[in-house]
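Right, I'll just put the structure down here and ask away after.
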Amino acid sequence: MISRRKFFSDAAVVAGTAAFGPATRSLQGAEPIGQRSENPENNRENTQADQQEYPPGEPGKDYTPVITPNGSTLPYKAVDGVKVFHLIAEEVDHEFARGLRAYCWGFNGQVHGPTIEAVEGDRLRIYVTNRLPENTSVHWHGLLVPSGMDGVAGLSQKNIAPGETYKYEFQLRQHGTYMYHSHSDDMTQIALGMMGMFVIHPRTPTGPKVDRDFALMSSEWRIDVGTRRPIPIEMTDFNVLTFNGRVFPGTAPLVAKYGDRVKIRFGNLSPMEHHPIHLHGYRWKITEMDGSQVPEIAQQAGNTVLVAVGQTRAVEFIADNPGDWAMHCHMTHHTMNQMGHNAPNLIGVRPGSVDKRASKLLPGYMTMGDTGMADMGEMGMPVPRNSIPMVGAPGKHDYIDMGGMFTILKVRENLTSYDDPGWYENPPGTLATLASNDELQRDLG
Ligand SMILES: [Cu+2]
């Protein structure tokens with residue numbers, strides 16, 4: 001009796017031979033692999049890719065390279081048709097924004113590690129050198145690899161001891177947005193930053209070409225004011241929330257030309273929390289979930305996408321609304337910098353003569369937070385060494401009371417480069433302004 005599995009695998013080979021010849025069957029077109037079924041029988045046909053060799057896909061020719069704001073792409077060299085990468089796990093003195101640095105753990109001198117980028121069908125050899133003071137390993141999050149290449153220390157391989165270099169080798173059998181991260185002493189190493197994005201382009205792209213392709217990794221940290229080491233055992237009270245290891249105003253803007261098709265790939269390897277990422281001024285479509293292409297008819301339109309821990313999501317839209325547009329996690333505590341959460345609630349409290357009396361004992365004393373907390377970043381008060389005030393940065397129109405997981409999408413007409421174009425010039429009649437007395441009289445009486 002022919003088993004279900006055997007039937008499907010044989011059927012796939014026959015169909016492949018008939019349609020494209022056996023060599024190209026499994027990678028022909030983007031969709032068959034992107035829409036991989038959860039049914040293992042259906043997935044088996046894709047293992048055909050393992051037997052087929054493809055020339056290394058080249059940036060600019062086979063794909064439009066992804067942009068990692070505040071980050072970089074890991075360089076590779078092709079050796080006998082194999083793309084060779086080298087990741088070095090090491091301590092990094094990392095800057096989150098001007099004023100706040102900490103000793104983190106990352107890869108190749110960066111937090112997070114550089115984005116690995118390749119093309120479906122590529123064969124990769126990734127060397128991982130451990131320059132940390134403890135064991136490590138690297139897991140390729142979401143990738144369909146042989147069990148012994150999966151990177152879970154102890155389960156799928158031996159630990160990479162300090163000073164050792166391990167070699168991972170596999171062929172990419174899928175495309176989409178994935179991640180990599182340490183899988184040894186995970187709690188410590190992920191909390192200290194050991195992660196990166198892993199983007200695989202389709203061998204045969206389908207659908208409209210993307211002009212601007214961005215990758216943003218969310219994470220969260222606890223760094224006490226004045227200290228220089230993230231606390232890896234923190235479970236709830238995170239005070240530094242990052243896109244690609246940076247907090248606003250240290251996050252680089254995402255720049256697009258009017259009419260560009262923009263893709264943004266989100267990944268989240270925060271230790272504990274999910275992030276609803278919200279973009280102003282646009283309606284996007286969710287085109288990928290955990291690397292799998294969403295069929296066009298099922299692509300959800302919206303402006304907020306929840307990226308849970310361990311997930312990736314990709315969205316696409318046409319940049320047809322010029323301006324400076326906020327994009328941020330919508331959890332309000334995730335757009336603050338180094339805020340403590342055990343302060344008394346002083347909103348509505350009238351300090352009265354308290355300030356005067358207290359300042360006799362504590363020169364310069366002032367009750368803060370009694371009219372809200374927006375001013376706290378703006379006051380420009382001296383802050384402890386190596387810390388950033390709760391929120392904010394000067395904006396075009398006023399102080400921007402945001403921090404943390406916040407960045408700006410800048411869409412412009414007539415751009416000559418994708419460098420930061422500065423603040424948006426609002427066309428006449430398109431800026432909210434103070435109402436005049438005449439207008440108030442006319443409309444409100
Ligand atoms: Cu968040």
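The values are calculated or read from the model by the stated rules, or taken from the named source; none is laboratory data. Just so it is clear, the model here is predicted, and its values are computed rather than measured. Here the Cβ positions follow ideal geometry from the backbone for every residue, glycine too, while neighbour counts run over all protein chains shown. What goes into the accessible areas is simple: the full protein's heavy atoms, side chains included, and nothing from ligands, DNA or RNA. Shrake-Rupley method; radii C 1.70, N 1.55, O 1.52, S 1.80 Å.
Can Tyr180 be described as under 19 Å from Asn244 (Cα atoms) and of a type in the set (Ser, Thr, Tyr)?
yes
Restricting to the range 271-302, name every residue that is part of a loop (DSSP other than H, G, I, E, B), farther than 22 Å from Pro65 by Cβ and in contact with a Leu (Cβ under 9 Å, 6 or more places away or on another chain).
Once the filter is applied, which keeps residues that are part of a loop (DSSP other than H, G, I, E, B), farther than 22 Å from Pro65 by Cβ and in contact with a Leu (Cβ under 9 Å, 6 or more places away or on another chain), the range 271-302 yields Glu273, His274, His280, Gly281, Tyr282.
Related question: Can you pull out the residues in the range 281-314 that are farther than 30 Å from Glu234 by Cα and within 16 Å of the ligand (Cβ to nearest atom)?
Scanning the range 281-314 gives a single hit, Asn303.
When you go through Gly151, Gly99, Gly57 one by one, which is the residue that is in contact (Cβ under 8 Å) with a residue 60 or more places away in the chain and crowded, with 20+ Cβ neighbours inside 10 Å?
When all the criteria are applied, what remains is Gly57.
Among the residues of the range 407-439, which ones are of a type in the set (Gly, Ala, Ser) and either loosely packed, with under 10 Cβ neighbours inside 10 Å or within 22 Å of Asn321 (Cα to Cα) (or both)?
Of everything in the range 407-439, those that are of a type in the set (Gly, Ala, Ser) and either loosely packed, with under 10 Cβ neighbours inside 10 Å or within 22 Å of Asn321 (Cα to Cα) (or both) turn out to be Ser417, Gly422, Gly429, Ala432, Ser436.
Anything in the range 216-242 that is hydrophobic (A, V, I, L, M, F, W, C), in a loop (DSSP other than H, G, I, E, B) and open to solvent by less than 10 Å² (accessible area, probe 1.4 Å)? List them, or say none.
The one that is hydrophobic (A, V, I, L, M, F, W, C), in a loop (DSSP other than H, G, I, E, B) and open to solvent by less than 10 Å² (accessible area, probe 1.4 Å): Ile223.
What residue, among those in the range 315-336 that are more than 12 Å from the ligand (Cβ to nearest atom) and not in a strand (DSSP E or B), is most open to solvent (accessible area, probe 1.4 Å)?
Residue satisfying both the conditions and the ranking: Asp320.
Results for (1) open to solvent by less than 10 Å² (accessible area, probe 1.4 Å); (2) under 28 Å from Met327 (Cα atoms); (3) assigned to a strand (DSSP E or B), shown as yes or no for each residue.
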residue	(1), (2), (3)
Leu144	no, no, no
Arg173	no, no, no
Met179	yes, yes, yes
Gly193	yes, yes, no
Phe214	yes, yes, yes
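Which one is nearest to the ligand (Cβ to nearest atom) among residues in the range 211-270 that are out of contact with any Leu (no Cβ under 8 Å at 6 or more places or on another chain) and at positive phi?
Within the range 211-270, the match that is nearest to the ligand (Cβ to nearest atom) is Gly245.
Now for a separate question. Identify the residue in the range 394-406 that is assigned to a strand (DSSP E or B) and within 20 Å of Asn426 (Cα to Cα) and, among all such residues, is most open to solvent (accessible area, probe 1.4 Å).
Result: Pro394.
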